[in-house]
Amino acid sequence: MPLALLALAISAFGIGTTEFVMMGLLPDVADDLGTSVPTAGHLVSAYALGVVLGAPLLTAVGSRVPRKRMLLLLMALFTLGNLASAFAPGFGWLVAGRFLAGLPHGAFFGVGAVVAARLVGEGRQARAVATMFLGLTVANIVGVPAATLLGQHLGWRATFLVVGVIGLCSMAALARLVPHVPVDAQQGLGRELRALGDRQVLLGLLTAVLGFAGVFAVYSYLSAMTTEAMGFGESSVTLVLALFGIGMTLGALAAGPLTDRALRPTLYGSLTALAVVLVVFPFAVHVKWAALVMVVLLGGVGFMTTTPLQMLVMKKAKDAPTLASASNHSAFNLANAGGAWLGGAAIAAGWGWTSPALVGAVLTVAGLAVAVTAGVLDRGGRGESRVVAGAGTRGAREESHADVA
């Protein structure tokens, strides 16, 4: 694999760390800024809102910017947002800093996925994209626990300051290792918008919203489940979250080669496995060793869905995949927000701490239904060749319709 993928993975590590670390720092931030924990929770929403709005907006604005320069600009904005968070004088400024840090998230992964796919030969593109995503999964094993401990001992501002430094290191790695990737002379905002409007792209985005919401219906309350349902002490929460991160990493490692071999079957299989895990989850978590196994499985099969979903929208967007690729991360964050809201509603209704898993199973089955419907419609369409983003830095390649279906 090219060293440029390492630069993309380092950047993904920084983004993943700042995205998830706030969950562990909410009590410290609330205490320091004199607000309540529920109010401090708006900081999580501010980041997610930045992702949802920033992914299509920044990708559209930078549609004619060379890919390497675009990655550097996005990482510079990410670094600025985290430094602004570190030095925020009050809660409102911190909300603004978190929103700013979230703006480049989806656009970076969207552009980065297209660049990663172009750095390798045909048949290895999904593995290249999955390698970039490894930075995101490793952040949940190492970055988030370490940043949380740092914030608890040195103050939450130190966490965002360190993430800002990671952003600067990422910019240096991108500048040094990523080659120049020109933009297609015919590529522009109109072409990207037309590609985003493709029926298969829209169905892929809907699959991401519904299917991945099942993961976040549980993950959002995993800390509470650890103490309330699994019977572990508060000191074990970090371990449980790290096990989820290990599962995410294993899922990403498996998803790359499987997606390169058979995209839609990998998507169907991962969503089916996720639904099964979510159904079994409430019954297994009351046995401690089984609970830990289920956490790893949840992270693994949950994250195994991301690579095929990413590759699907890129391929179906044909030769203008960047906006569709970035919008996929808006879909993931909508899944984050929707899954967390529905899981919380189940708990508030008195259905129990493990009820979000069953809510998640329903959402995942809905996502699987959309994915299968899209596959049937795709096979029922014309069998002509599709033009998709190629492995080289220029042009495009022909790929048969059956390769994707």
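Run down LEU94, LEU80, LEU72, LEU57 and say which single residue is under 17 Å from LEU25 (Cα atoms), out of contact with any strand residue (DSSP E or B) (no Cβ under 9 Å at 6 or more places or on another chain) and not polar (S, T, N, Q). Spell out the reasoning first.
Values: LEU80 fails: under 17 Å from LEU25 (Cα atoms); LEU72 fails: under 17 Å from LEU25 (Cα atoms); LEU57 fails: under 17 Å from LEU25 (Cα atoms).
Residue meeting the stated conditions: LEU94.
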Task: THR131 being open to solvent by 10 Å² or more (accessible area, probe 1.4 Å), farther than 21 Å from VAL21 by Cα, among the polar types (S, T, N, Q) and touching a residue at least 60 places away in the same chain (Cβ under 8 Å) - done: yes
TODO: All but one of (1) touching a His at 6+ places or on another chain (Cβ under 8 Å); (2) buried (at least 18 other Cβ atoms within 10 Å of the Cβ); (3) touching a residue at least 60 places away in the same chain (Cβ under 8 Å) hold for VAL95, so report the exception by its number.
DONE: (3)
Task: Wholly enclosed helices (runs of 4 or more DSSP H) of the range 253-318 bearing at least 1 residues over 27 Å from SER223 (Cβ atoms) and either of a type outside the set (D, E, K, R) or touching a strand residue (DSSP E or B) at 6+ places or on another chain (Cβ under 6 Å) (or both) - done: 263-284, 306-316
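With the requirement that a residue be touching a residue at least 24 places away in the same chain (Cβ under 8 Å), farther than 21 Å from MET248 by Cα and surrounded by fewer than 24 Cβ atoms within 10 Å (Cβ to Cβ), what does the range 321-345 give you?
Here is the first cut: in the range 321-345, the ones touching a residue at least 24 places away in the same chain (Cβ under 8 Å) are 321-340, 342-344.
Next, from what is left, pick out any that are farther than 21 Å from MET248 by Cα: 321-324, 327, 342, 344.
Passing the criteria: LEU342, GLY344.
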- [ ] Looking only at the range 227-247, count how many residues are under 19 Å from PRO145 (Cβ atoms), touching a residue at least 60 places away in the same chain (Cβ under 8 Å) and either open to solvent by less than 50 Å² (accessible area, probe 1.4 Å) or among the small types (Gly, Ala, Ser) (or both).
- [x] 5
Open item on the list: The conditions are (1) modelled with pLDDT under 95; (2) within 24 Å of the chain's Cα centre (by Cα); (3) more than 25 Å from SER327 (Cα to Cα), and GLU192 fails exactly one of them. Which is it?
Closed with: (3)
- [ ] Inspect all residues belonging to the range 31-41 and state whether any of them is among the β-branched types (Val, Ile, Thr), surrounded by fewer than 23 Cβ atoms within 10 Å (Cβ to Cβ), touching a residue at least 24 places away in the same chain (Cβ under 8 Å) and closer than 23 Å to LEU150 by Cβ.
- [x] yes
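Is it the case that SER11 is open to solvent by 20 Å² or more (accessible area, probe 1.4 Å), part of a helix (DSSP H, G or I) and among the polar types (S, T, N, Q)?
Numbers: open to solvent by 20 Å² or more (accessible area, probe 1.4 Å): no; part of a helix (DSSP H, G or I): yes; among the polar types (S, T, N, Q): yes.
Judged against the criteria, SER11 is not a match.
Which residue is surrounded by the fewest Cβ atoms within 10 Å (Cβ to Cβ), if the candidates are limited to the range 169-184 and must be part of a helix (DSSP H, G or I) and either in contact with a helix residue (DSSP H, G or I) (Cβ under 6 Å, 6 or more places away or on another chain) or among the basic types (Lys, Arg) (or both)? Talk me through it step by step, then tell me what you get.
First, the residues of the range 169-184 that are part of a helix (DSSP H, G or I): 169-177.
Next, only the ones that are either in contact with a helix residue (DSSP H, G or I) (Cβ under 6 Å, 6 or more places away or on another chain) or among the basic types (Lys, Arg) (or both) stay: 170-171, 173-174, 176-177.
Values: SER170: 27, MET171: 22, ALA173: 19, LEU174: 23, ARG176: 10, LEU177: 16.
Applying the filter and picking the extreme gives ARG176.
The values are calculated or read from the model by the stated rules, or taken from the named source; none is laboratory data. Nothing here was measured: the structure is a model prediction, and the numbers come from that model. Glycine gets a Cβ as well: all are built from the backbone with ideal geometry, and neighbour counts include every protein chain shown. Just the protein is used for accessible areas: all its heavy atoms, side chains included, with ligands, DNA and RNA removed. Shrake-Rupley method; radii C 1.70, N 1.55, O 1.52, S 1.80 Å.
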